[in-house]
Every structure is written in C-alpha cells, then in structure tokens.
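A short write-up of the structure that comes next.
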Amino acid sequence: MDKNNVKTLYDLVKNSAACYGERVFLKEKNGKDIVEKDHNEFYEDVLKVCGFVASKSEGRTVHAAVIGPTSYAYLTAYFGTVSGGNVIVPLDAQLSCTDICELLQRADVEIFFYDKRYEPMLDQIRISCPAIHTYVPLQELSETVSAFEAKEPESISPDRLAAIVYTSGTTGKSKGVMLSHGNLIDNAMCMDNESTEEDSLLTVLPIHHVYCLTCDILLSLRYGCCICVNDSMLRIGQNLKLFQPTTMLLVPMIAETIYKQIKTAASAKPDVPIKAIADAVFGGKLKVIYSGGAYLRPELAQAYMELGIPISQGYGMTECSPRISTGDLNGSTLGDVGIIVKGCQVKIVDGEITAKSPSVMMGYYKDEAATAEAIDSEGWLHTGDLGYVEDNRIYITGRKKNLIILSNGENVSPEELENKFAGVEFIAEVLVYADDSVITAEIFPSPDYCKDMTNEQVADMFRELVNNINKTVTSSKTIRRLRMRNVEFDKTTSKKIRRNQEIQGDLI
Amino acid sequence: MFEKFKELICNYVEADPEAITEDTKFIEDLGFTSYDFMSLLGDLETEFDVMVDEAEVVNLQTVGMAVDYLEKLVSGK
C-alpha cells in the first residue's frame, strides 16, 4: 500500500480493498463455524454504515458510541461512523451501567451501537441519555444498513476528530482523549515492513484500547494480514490451535500465563523438546509476540527468546495513538521498551519522558485544563513516566503519576478508590495500592471510634465496606486484598500519606 | 470433577494438590492472575465439552464455587 495515498481512516479501508481485495480480512467464530470476510466486503459494509449514520445526522457531525467485544460488526460500525467525518466513542465493555451512562452523556453521544448482551441496561440508558436517538444492536447491524447504498463519502480533512477514547486519569475521573484521523494514521504508518499479507494475527486485547485498534486493526488493514478474532479470554489456547496465527499482540500477564502452561507441560513430558511443546500451544506458526500496556519482565522476554518466539516490546499511551516506541528485535537489550518510532521526538524533562509527534492527541474532550497540563505550550506531551533514552531506545525507570498499572495493562487510579472511603467514621486513614498486581486497601482504623471494639469487629466492618465499594466499580478495579495497621501512615510535610512506603498492615 | 480441577490448577501455580480445598481462593490463596483463572476455565471447557459464559464466572472466587458451576453446566448438557 502506498502510504502517501492514506490520510484518513476511510482512505485506509478504501486502499486496503484496492490492494488486498478478495484476501481474507477477518475470521470469526459463529457457533462452531468460522465466518470469513474479505477486504472488498469490509469496504462495502463500511460504506453502508457510513450512509446509515449520515441519514441520522442531518448534515451535522454526530457522535456514535460502540460497545462490545471485537467482531466484524463492531469494526464496520467503527469505520462506517468515522468514514463520513462523524465521531466514534468506543466504550470499555466492562463498565457498569452507571459509568456507561455517564460517558455517553459526557461524550455527547446520539447513536449507540451495542452488543446485545447490554440489552438489560437499555432502559436505564434511555432514561439517562435522552440525546441518543438511534439504537442499533451490532448483531442486527448488517440488516439495519442493508438498504443503504455503498456510496463514497465526501472527503474529509485529516485534522478532523475521529475518536474520543476514555482513559483513566489520576484525578479519578476518566478523560476523553480526542484522536484525529491524522493522529491514528500517523501512528499506523510511522514504521515500515512490520508485517506482510501472508501474516495472520489473533486479536485478544479489548478493542476499545487504542493499542489494539492501531496495532491489530489499522496495521492489518495496511499490510493486508488476516485478523482472527478471539471470541473469549477463556479460549485463547483453543483459538491459537484453531487459527494458527503468525503474530500476536499481548499484555505481559497473558504471556506469563501461556509460558507457565508451556513449562508445566514440558516438565510432565521431559522427552519432548520444549520448543515442540511451545509450537503445539501456539499453533505452530507464531513468529513474534508484540507486548505493551504494562511492564514486561526481562526474564520472561528471555524465556520466550529461548522458545524461538521473540517478544517485541513497545511503549506508548492513548494520548499518542498510542505508539511512542516500538519493539525492535535487532540489538534489543531486554531492558528497553523499543526504539522511538519515526516522526516522534522524545525529550527528557526533569526525568520525565515527553513526546512530540503527529500522533499526539488533539486534547481531552471538553477539558482544556487537563489538556494544558498534558501538552505544554510547545506541543510536548508529558507522559508521566520517568526514564531515559540511549541509542534511540527508551528505558523506563518509574512512574511519575500515582496510577496503578496492573500487569494486565489496566490503569487504576488509587485516589478514585480512596475517595470511596471518605467520611467513613471507623477509618482514620486509607491507602490503595497494588500489591503483586492485586489491588489492596490498607487502613489505619480511627483509634477513638474503635476503642471499644475488637480487631475482628473492625475487620468485619472493613470487609463489609469493601464488599459494598466493590459493587460500585468495574471488575478491574475490585479491591481484593485488605490490610489493617495499628500505626499511622508515614506522611509528607504537607500531611499527605506517602505512596511508596513499606507495607505494615496485617492481612485480614 | 474436583480432582480434575486440582490437577489443572497445578498447571498454573506450584501448589500441593492435597492442600487445595473447596474453600481455597484462586487469587488470594493460589496467587492466580485473572487471566490464569480464565485460561483454567478454558481448559475445563475443552475437558468437559461445555460452553462457559465469561460474564457468569467473574465472581467465582473459590475452587468450590467453580466446581459447583462446572457441575451444573455438565449436568445440564
């Protein structure tokens, strides 16, 4: 594909049809069958959705949300919306109904594409979000848009807003990252020769993440590789054998689990070479794993290298569409997070990594203050990560922000959870942190309030409180470990609890 | 069923099968990650030829709860 012809997401879909036509674009399961769609079909279906969205917009730009697992219908809804210059708002499939309503309101959504499993939430959404005038279940998308002509839309500027992607923020309230067509296309086009049309990939990560969108979907459209949809996190093992992918995008936690399985199988069968076992687990054709979203242990990268399947580690953030650096297996030191992508400049300011590139977001939706905090007056994006650059490779040393990054790549704001303990009389102080990737709440009970209680009574109240709090948060934010201490937390001079202090509380 | 669970659990963590009881918690006691847990259920799907619903299993915290869930699926086949 000549990347000079591609300035918008629509251009990408159109060019992929022109270049790869009848080659398979996507494979997904339907019961026990596998359904295949080629690039021509995808282009045509995107145009129909584009016509459908235009018919609902009456000449205005409208915002459409989409929620559900990765599917052909999800992608046609996504690309059909943006192709005509309208805006897509991909939502986290794990959000609670309350959070979904809040984001639909904040993002000014008028059209809602949803997987049918969200039907029980619709009554509440209709009440909370009166601005939404059109509801389309993804399972019925094809019939809904079948009457629309597959007509080429008017061309749009690459500077136009394409997507609002909600991401966790340190203040507890998620922020809507505005990404233009130019941002996403720049990130998909910044490197060359990453894949070929002979490649196929198993897409396992949540599709609302830009990491998955750019690296699984946009790159597949660009290079013509085949996307195989993993229908459930339960079935990665089965689907690897079924689809036999050549590449895969993972977060470290999944890579860890698969490695454990290989190792256990190897010790049960000492006569079989471990590489043969790895081949059986991965389907036999896997050449490389791309890892991102969280810290990858160098030992794990080394272990995979010994299996003959190198892990290529990159680095980025939603605000940068997302790649700032990308895995480069030539000369990798196992401690770096890849080479800086072309067109991106990286500068270290007071130890913090800052980046400037055409992939840097337009800003946060309706949040100028947060935008000004993230992007300085010269256009540098402040990542909040601490690190350094050597030979064009980025090394991360820590995080400036307090965000908890779990090993599955999910970001959790400790302040958001701590705020839920505010005003609880029996608690004097609380700190939320990740302990071995398990979200932990540690409290110092109020000595006054609890003076006539046993430790067990206080612990019971604590457990009950956390159970109630857990009902109000998404599963990735669930507090699973509780600790109670009998001394106050160490504090800064301004009386704020220090975040990085030794764990003292007893497990309860 | 419980014995099969114990055997498969040991593919993910170094645990003494004899020490695993129905009250053993996957995350807190066995050190499972959420993906270990999902993957284990995927193995059990293949083993017992049933379809597990992802949304229904996220709240299964103990081995006993997971065994009960699987037993119901198998008996309902």
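None of the figures in this text is laboratory data; all of them are computed from the coordinates on show. Owing to the predicted nature of the structure, the values given are computational and were not obtained by experimental measurement. Cβ sites come from the backbone with ideal geometry, for glycine too, and all protein chains shown count toward neighbours.
Calculated from DSSP H runs of 4 or more alone, at -39500 (n - 2.57) each and per residue, what is the 222 nm mean residue ellipticity of the protein assembly as shown, nearest 500?
Details: 19 runs with 190 residues, N = 585.
That comes out to -9500 deg cm²/dmol.
Mean separation of Cα pairs under 8 Å and 6+ residues apart, divided by the residue count of chain A: what relative contact order is that in percent?
Numbers: 980 pairs, mean separation 57.2, N = 508.
The normalised contact order for chain A reaches 11 percent.
Return the lysines within reach of A:Lys491: Cα separation strictly under 28 angstrom, same-chain partners fewer than 8 residues apart disregarded; answer none if there are no such residues.
Hits, sequence-local ones excluded: A:Lys173, A:Lys400, A:Lys401, A:Lys420, A:Lys451, A:Lys477.
For the stretch A:197-212, in order, what is each residue's ³J(HN,Hα) by Karplus, 6.51 cos²θ - 1.76 cosθ + 1.60 with θ = phi - 60°, in whole Hz (x at glycine and Pro)?
For the stretch A:197-212, the Karplus-derived couplings read 6, 7, 7, 9, 10, 9, 8, 10, 7, x, 6, 6, 6, 5, 4, 5 Hz, x marking Gly and Pro.
Considering the dipole of the stretch A:352-445 built from charges on the beta carbon (Lys and Arg +1, Asp and Glu -1) around the Cα centre, which of A:Val432, A:Met362, A:Val412 is farthest to its positive end?
Of the options given, the answer is A:Met362.
Stretched out fully, how many nm does the piece from A:Glu143 to A:Ser267 gain, at 0.36 nm a residue minus the Cα gap?
Details: separation 124, 0.36 × 124 = 44.64 nm, distance 5.18 nm.
Computed gain between A:Glu143 and A:Ser267 is 39.5 nm.
Report Rg(Cα)/(2.2 N^0.38 Å) for the stretch A:302-393, keeping two decimals. Write out the running numbers ahead of the final one.
Numbers: Rg = 14.8 Å, N = 92, 2.2 N^0.38 = 12.3 Å.
Normalised by 2.2 N^0.38 Å, the Cα Rg of the stretch A:302-393 equals 1.21.
Find the percent of Cα-Cα distances in the stretch A:413-507 that exceed 18 Å, and round it to a whole number.
Working: 1876 of 4465 pairs.
Roughly 42 percent, rounded to a whole number.
Binning at 20 angstrom from zero up to the longest distance, how are the C-alpha pair distances of the protein assembly as shown distributed in percent?
Spelled out bin by bin, the protein assembly as shown gives 19, 54, 26, 1 percent.
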